[in-house]
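Since the structure comes first, as structure tokens, the remarks are kept for the end.
The values are calculated or read from the model by the stated rules, or taken from the named source; none is laboratory data. Keep in mind that what you see is a predicted model, and the values were worked out from it rather than measured. All Cβ positions, glycine included, derive from the backbone under ideal geometry; neighbour counts span all protein chains shown. All accessible areas refer to the heavy atoms of the entire protein, side chains included, with ligands and DNA or RNA removed. Shrake-Rupley method; radii C 1.70, N 1.55, O 1.52, S 1.80 Å.
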Amino acid sequence: MIHILAQFSVKEDKVSEFIELCKELIKESRQEEGCVAYNLQQNREKDNHLVFVEQWKSEKDIEIHNASKHFTKIVPMLIELCEKNPTIETFNSLV
């Protein structure tokens with residue numbers, strides 16, 4: 001399994017709009033064959049810090065996801081609502 005943490009620093013006045021766009025991305029992504037989990041988390045101390053926590057079966061599944069219509073449409077819109085570019089990290093499951 002591969003885990004992805006995608007962290008976003010959203011402009012303070014754009015958090016609600018960001019979350020609404022995420023709902024469509026999450027709905028579509030969860031239907032992809034290789035998607036095990038796809039969730040959005042909000043920092044409890046800093047409301048504009050949001051993180052996607054994803055779990056995928058394989059690297060190929062991630063490649064298909066990153067090329068999907070919903071991903072290529074929505075992610076650029078999400079980035080426009082941010083103070084800076086997101087931080088994306090990938091992890092392999094160990095235990």
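Here are some notes:
- Of L94, F52, A37, farthest towards positive along the dipole that unit charges on Lys, Arg, Asp, Glu beta carbons give region 34-95: A37
- Area of C82 that stays accessible when all protein chains are in place (1.4 Å probe, Å², to 10): 10
- Spin-label model, H49/Q31: points 7 Å from Cα along the beta carbon direction are separated by 3.4 nm.
- Residues R44, R30, ordered by accessible area of protein heavy atoms at a 1.4 angstrom probe radius and largest first, appear as R44, R30.
- Dipole magnitude for region 1-75: about 40 debye, using +1 per Lys or Arg Cβ and -1 per Asp or Glu Cβ, origin at the Cα centre.
- For K11, the residues whose amide H sits under 5 Å from its own are C82, E83, ignoring neighbours fewer than 5 places away on the same chain, with H placed 1.01 Å from N.
- When the alpha carbon gyration tensor of the chain is reduced to an equivalent ellipsoid, its three semi-axes come out at 22, 15, 11 angstrom, largest first.
- Heavy-atom surface analysis with a 1.4 Å probe gives region 1-80 a carbon and sulfur content of 49 percent of its accessible area.
- Largest to smallest accessible area among L25, L94 [probe 1.4 Å]: L94, L25
- Translational diffusion of region 1-41 was estimated from the Stokes-Einstein equation, with Rh taken as the Kirkwood radius over Cα pairs; at 20 °C and 1.002 mPa s the coefficient is 186 µm²/s.
- The lysine pair tally for region 1-82, using Cα distances under 27 Å and a gap of 8 or more places or different chains, is 25.
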